[in-house]
Amino acid sequence: MTGKKEMPTMSRSTEDMPKDGRQAVGIDDISVYVPGLVLPLTGEFSQKRGIDPGKLVKGIGIEQMAVPDAHEDAATMAAMSLLDLMKRSHIRPEEIGKIYVGTESSTDEAKAMGTYVIGMLEKVYGRGSFQECSTVEFKAACIGTTFALENLSYWLAGEDEGKIGVVIASDVAKYPLASPGEYTQGAGSVALLLKKNPRILALEQIYGSFTRDENDFFRPMGCKTAVVNGKHSNQCYLDAVIGAFDSFAQRAARKGAIVPGEGQCVTDFIDHQLFHIPYPRMVEYASAAVFRHDWMKGSQKKEIEGEIGPEPKAQDFRDPAEYQAKEAAYSRSFARSSQFLQVYSAKVRDTATLSRKIGNIYTGSIYLGLASLLELERLLAGQRLGFAAYGSGCSALFFSAIVQPDIGSLPRRGLIERLEERRQITLSDYEKLHEGMMEESLVTPEMEFALSKIDHQGYRHYEFVD
Ligand code: CAA
């Protein structure tokens with residue numbers, strides 16, 4: 001890989017982790033599946049919905065939305081990303097000890113999606129080939145996959161039979177037609193191969209967490225689309241990520257992994273910062289909130305105050321509404337400050353490249369951020385990545401990982417080129433697919449898994465179409 005580093009970093013060497021003789025565990029490979037249909041948001045969609053395209057591209061940060069065809073669902077997409085992962089990394093079914101699936105688009109209230117996925121993969125690898133592999137579904141809104149990753153990493157650390165693990169994120173993000181959530185939909189799956197001595201990222205096994213009961217986004221039983229309190233969901237996301245960041249900072253200091261010196265901040269030790277990406281603009285809001293929160297404890301505070309003045313303080317205002325307005329204005333000034341913009345473009349911006357053309361894939365979107373950095377060749381051995389995962393309801397988990405020396409040995413994925421090959425669909429076709437009214441697939445399936453029928457009991461039948 002030939003990515004250029006633009007900011008001074010304080011990365012650690014990869015040789016010093018872990019220190020107690022255990023092998024590092026982490027992400028060895030990553031595969032991304034995106035449906036072959038795409039709805040451009042700046043043409044017919046913005047016209048018919050009466051939305052200024054500038055709002056979508058700049059205000060939300062989205063240009064195109066991936067749309068699943070009639071034969072696709074979260075299970076077929078998961079099977080597609082797993083098949084690609086196995087082919088890319090030459091994995092045999094019997095090597096995989098566990099497949100954990102993070103999803104909030106489950107195809108069944110009881111049956112684990114991974115069993116459908118295994119059923120599909122066995123159509124390629126032979127019946128019974130995954131018999132000894134266990135599979136569990138993790139539901140925690142958009143953070144499910146990250147909890148799956150955390151749990152699988154603990155299992156892998158103690159595994160002594162040479163088995164490997166797979167974590168799959170697969171989701172169809174769906175809101176009612178013509179609602180404000182509509183332009184933050186998307187669909188896709190990411191499969192992560194977890195191994196000892198991984199080629200891409202070694203997890204530092206420091207997880208900072210935050211949980212609070214919230215009604216920001218949920219999908220009551222039987223509902224096909226999410227209920228969302230949009231602006232409130234943005235605020236819950238920010239509160240949770242800041243909470244998880246503080247928890248991470250304390251744990252990283254206790255473990256001696258990140259111990260900021262005089263005037264230093266925790267984010268000085270992070271080279272690339274990834275966030276959950278419900279829409280790319282949210283990553284801007286989130287990074288501004290995290291960097292501001294962190295920098296106000298370090299030497300950056302003076303420079304920031306020199307540029308945009310001191311932060312408003314609640315005790316200086318008699319009217320809470322006046323304070324809130326001043327605080328919102330200060331946040332906007334911070335997000336436009338030269339200090340922040342420089343760090344944002346060096347450490348954050350490129351994580352949202354793929355999401356601009358795919359949309360929200362819920363549980364997998366933060367790992368789409370990782371795929372973006374790989375695609376753009378932005379990672380260098382020894383760099384530290386910070387991950388801020390968020391799930392509505394709500395929870396956040398902040399963790400870190402170190403880029404490994406073998407990162408350049410992986411085959412390219414060509415994702416940006418693959419996105420260009422998708423078929424653009426009309427608004428009317430998108431609406432039919434959205435409402436489940438499209439009887440035939442728009443593109444006849446070929447070399448892929450397809451839902452062939454749902455029988456009288458509700459059991460789903462899948463096939464591999466070659
Ligand atoms: N040109 C440029 N920018 C424009 C514009 C124009 N013509 N018109 C508006 N904008 C800007 C606005 O100024 C605003 O930016 P600022 O915040 O900088 O002011 C931005 O576009 C957004 O516009 P609105 O404030 O009008 O927002 P909206 O009504 O379109 O709603 C949303 C946005 C709340 C995200 C809505 O799409 C939604 O509810 N989405 C689903 C929920 C969601 O994604 N929540 C995120 C947190 S929860 C989570 O992360 C879990 C998950 O995956 C769902």
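Data table
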item	result
Convex hull volume of the stretch 125-221 per residue (C-alpha atoms, cubic angstrom)	183
Full-extension gain in nm, Thr211 to Glu94, via 0.36 nm per residue minus C-alpha separation	38.5 nm
Of Thr42, Ile96, Ser428, farthest towards positive along the dipole that unit charges on Lys, Arg, Asp, Glu beta carbons give the stretch 14-465	Thr42
Sequence-distant residues sharing a close amide H with Asn229 (under 5 Å, placed H)	Phe217
The stretch 304-450 - charge dipole about Cα centre, Lys and Arg +1 at Cβ, Asp and Glu -1, debye rounded to 20	500
Selection from Tyr330, Pro176, Leu370, by position along the positive dipole direction of the stretch 14-465 (Cβ)	Tyr330
Net charge contributed by nearby residues that have their C-beta within less than 15 Å of Gln250 (K/R +1, D/E -1)	+1
Highest average packing first - 341-348, 410-417, 64-71, 360-367, Cβ atoms within 10 Å	360-367, 64-71, 341-348, 410-417
Inter-site label distance for Ser299 and Asp455 at 7 Å from Cα along Cβ, in nm	6.9
Separation in nanometres of the label points that stand 7 Å from Cα toward Cβ, at Lys231 and Arg254	3.8
Angstrom value of the Kirkwood radius, inverse mean 1/r, which spans all Cα pairs in the stretch 177-224	15.9
Förster-model FRET efficiency, 25 Å R0, Glu327 and Ala178, C-beta, rounded to 0.05	0.15
Relative contact order (%) - criterion: Cα under 8 Å, at least six apart; region: the stretch 14-465	25
Restricting the stretch 150-207 to GluC sites (Glu not before Pro) in coil, as DSSP defines it, with at most 11 other Cβ within 10 Å	Glu161
Dipole magnitude (debye, nearest 20) for the chain, charges at Cβ of Lys, Arg, Asp, Glu	880
P(r) tail fraction, the stretch 316-362 - alpha-carbon pairs more than 11 Å apart, %	74
Within the accessible area of the chain (1.4 Å probe), percent carbon and sulfur	49
Expected 222 nm ellipticity per residue - DSSP helices of 4 or more, -39500 (n - 2.57), all of the chain, to 500	-10000 deg cm²/dmol
Ranked by how many other beta carbons lie within 10 Å on average, peptides 452-462, 302-312, 425-435 from highest	425-435, 302-312, 452-462
Three principal axis lengths of the chain [C-alpha, angstrom, descending]	66, 59, 40
The stretch 205-330: translational diffusion in µm²/s, Stokes-Einstein, Kirkwood Rh over Cα pairs, 25 °C, 0.890 mPa s	145
Per residue, in Å², the accessible surface of the chain once ligands and nucleic acids are set aside, probe 1.4 Å	43
Anchor Lys453: lysines whose Cα lies under 18 Å away (excluding residues fewer than 8 positions away in-chain)	Lys111, Lys123
Inter-probe distance in nm under a simple model that places probes 7 Å from Cα toward Cβ, at Met221 and Arg349	4.8
For peptides 73-80, 253-260, sequence by mean Cβ density within 10 Å, most packed first	73-80, 253-260
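The values are calculated or read from the model by the stated rules, or taken from the named source; none is laboratory data. Values in this document were obtained by computation on a predicted structure and should not be read as measured data. Ideal geometry is used to build each Cβ from the backbone, glycine not excepted, and the neighbour counts take in all protein chains shown. Side chains included, ligands, DNA and RNA excluded: accessible areas come from the protein's heavy atoms. Shrake-Rupley method; radii C 1.70, N 1.55, O 1.52, S 1.80 Å.
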